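Structure first, then comments.
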Amino acid sequence: MKDVKINMGKIDYFGGCPVCGGSDGQLNIGKIVWGICHKHKKRWLIGSGLFSNWKDETEKGWHRNKELLSTYEDVEPLRNPTYWAETEEYDEVASDELPF
Ligand SMILES: [Zn+2]
């Protein structure tokens, strides 16, 4: 990990590879969404049922995704502090300053 500078502000909303901070998008297996980095063979769990596009995919496609992901390492993704700071602020406002 030496001399690797990761621009945290460029990390994908759905998380980034812990090695390079990058992301090659998301892969669905059924309703489960995984973030991936092909270069470093990392995967991280994003969530379930976040996108509706999984319904347009076939079981064959999911099987292919599953095969691919089974060769990738399960990791904790890097989080873009911009998005996560915003989320915190939003939570605070929502719980402490209820206008009505
Ligand atoms: Zn990577």
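Every number in this text was worked out from the coordinates using simple rules, so none of it is lab data. Since the structure is predicted, the reported quantities are computational estimates derived from the model, not experimental observations. No Cβ is skipped: glycine too gets one built from the backbone with ideal geometry, and neighbour counts run over all protein chains shown.
Just one of the numbered conditions (1) among the hydrophobic types (A, V, I, L, M, F, W, C); (2) assigned to a helix (DSSP H, G or I); (3) within 13 Å of the ligand (Cβ to nearest atom) is not true of TRP54: (3). For first residues located in segment 37-63 and touching a residue at least 60 places away in the same chain (Cβ under 8 Å) and over 22 Å from PRO18 (Cα atoms), partners that are within 16 Å of the ligand (Cβ to nearest atom) and among the hydrophobic types (A, V, I, L, M, F, W, C) and lie 6+ apart or on another chain with Cβ distances below 6 Å do not occur. For segment 20-37, the set of residues classified as near the ligand (Cβ under 8 Å from one of its atoms) and surrounded by fewer than 17 Cβ atoms within 10 Å (Cβ to Cβ) consists of CYS20 only. Residue count for segment 1-36, restricted to those that are in contact (Cβ under 8 Å) with a residue 40 or more places away in the chain and outside any loop (DSSP other than H, G, I, E, B): 7.
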